[in-house]
Amino acid sequence: MEIPAVVPAGRMSALPQPVLSLPGGWLLRPWEPYDAPALVASGGDPDIQHWNRTGRFTEARAEERIARYRANWETEKAAIWAVAPAAGGPAVGLIGLADLDLAGGSGEILYWLLPAGRGSGVMAKATDRVSRWAFEDLGLHRLRITHSVANPASCAIALKAGFPLEGTMRGALLHADGWHDEHLHARLGTDAPV
């Protein structure tokens with residue numbers, strides 16, 4: 001007997017990428033070409049570069065990446081949002097679902113913030129909001145977050161967003177300073193809301 005896909009192919013790409021409101025004057029929206037400077041800035045931010053594998057961007061390369069974010073939605077490979085002020089303006093961060101397995105019902109949340117967004121509490125709210133969209137609107141079953149055990153800020157975001165710690169993956173990711181153990185957090189669509 002064949003197991004049916006948890007999320008049928010074509011469900012995500014048939015929908016426009018939504019704009020998701022957040023409390024505190026923030027929203028999540030698709031990346032726009034005018035957000036390219038935020039990607040360029042992320043490549044020069046030591047904290048983002050230490051904990052993420054985003055690399056450095058020229059303006060042209062940033063615009064290409066933004067085009068790829070849109071293409072990845074259409075091909076159902078990823079869903080990437082800009083974290084931005086609700087009143088308008090450029091992105092101050094990124095949140096998304098990557099490593100999507102729609103048939104298996106899972107994905108991984110990734111995120112980063114530029115200094116302009118740090119300390120506002122926006123990322124925990126954004127993580128919860130993207131999770132609710134992924135479960136309620138898209139139909140995924142399980143989401144995960146992984147981060148270096150040496151990154152307590154990312155751990156705090158995962159916990160505040162309702163992702164309990166499931167364990168530690170030894171030597172799981174190569175950073176610029178060597179191999180890091182990674183925490184694995186996960187949330188199920190059946191878990192109680194945050």
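The values are calculated or read from the model by the stated rules, or taken from the named source; none is laboratory data. Keep in mind that what you see is a predicted model, and the values were worked out from it rather than measured. Cβ coordinates were reconstructed from backbone atoms using ideal geometry, including for glycine residues, and neighbour counts include every protein chain displayed. In case anyone asks, the SASA skips ligands and DNA or RNA and just uses the protein heavy atoms, side chains included. Shrake-Rupley method; radii C 1.70, N 1.55, O 1.52, S 1.80 Å.
The condition (being surrounded by 20 or more Cβ atoms within 10 Å (Cβ to Cβ), among the basic types (Lys, Arg) and not in a strand (DSSP E or B)) is satisfied by just one residue among Arg187, Arg129, Arg118: Arg129. Residues in segment 34-92 that are open to solvent by less than 60 Å² (accessible area, probe 1.4 Å), among the polar types (S, T, N, Q) and either closer than 24 Å to Phe135 by Cα or modelled with pLDDT of 90 or more (or both): Ser42, Asn72. Taking residues in segment 125-139 that are within 11 Å of Ile109 (Cβ to Cβ), and partners anywhere that are among the charged types (D, E, K, R), the pairs with Cβ atoms closer than 6 Å and at least 6 places apart or on different chains are Ser131/Arg187. For Ala156, the conditions (1) assigned to a helix (DSSP H, G or I); (2) crowded, with 20+ Cβ neighbours inside 10 Å are fulfilled apart from (2).
Residue count for segment 5-38, restricted to those that are touching a strand residue (DSSP E or B) at 6+ places or on another chain (Cβ under 8 Å), among the aliphatic types (A, V, I, L, M) and not in a loop (DSSP other than H, G, I, E, B): 5. Listed conditions (1) in contact with a His (Cβ under 8 Å, 6 or more places away or on another chain); (2) over 23 Å from Ser13 (Cα atoms); (3) in contact (Cβ under 8 Å) with a residue 24 or more places away in the chain; (4) open to solvent by 40 Å² or more (accessible area, probe 1.4 Å) are all met by His147, apart from (4).
Could you tell me whether segment 93-109 includes any residue that is farther than 30 Å from Asp181 by Cβ and either basic (Lys, Arg) or without any contact (Cβ under 8 Å) to a residue 12 or more places away in the chain (or both)? Checking segment 93-109: not a single residue is farther than 30 Å from Asp181 by Cβ and either basic (Lys, Arg) or without any contact (Cβ under 8 Å) to a residue 12 or more places away in the chain (or both). Going by the conditions given, is Arg29 among the basic types (Lys, Arg) and buried (at least 17 other Cβ atoms within 10 Å of the Cβ)? When the stated conditions are applied, Arg29 passes them.
Condition check ((1) farther than 19 Å from Ile80 by Cα; (2) crowded, with 22+ Cβ neighbours inside 10 Å; (3) modelled with pLDDT under 95) across all residues:
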site: Leu94; (1), (2), (3): no, yes, no
site: Asp101; (1), (2), (3): no, no, no
site: Ala124; (1), (2), (3): no, no, no
site: Thr168; (1), (2), (3): yes, no, no
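Exactly one residue out of Gly162, Gly105 is modelled with pLDDT of 95 or more, at positive phi and touching a helix residue (DSSP H, G or I) at 6+ places or on another chain (Cβ under 9 Å): that is Gly162. Scanning segment 178-194 for residues that are modelled with pLDDT under 95, touching a helix residue (DSSP H, G or I) at 6+ places or on another chain (Cβ under 8 Å) and not β-branched (Val, Ile, Thr) yields one hit, Pro193.
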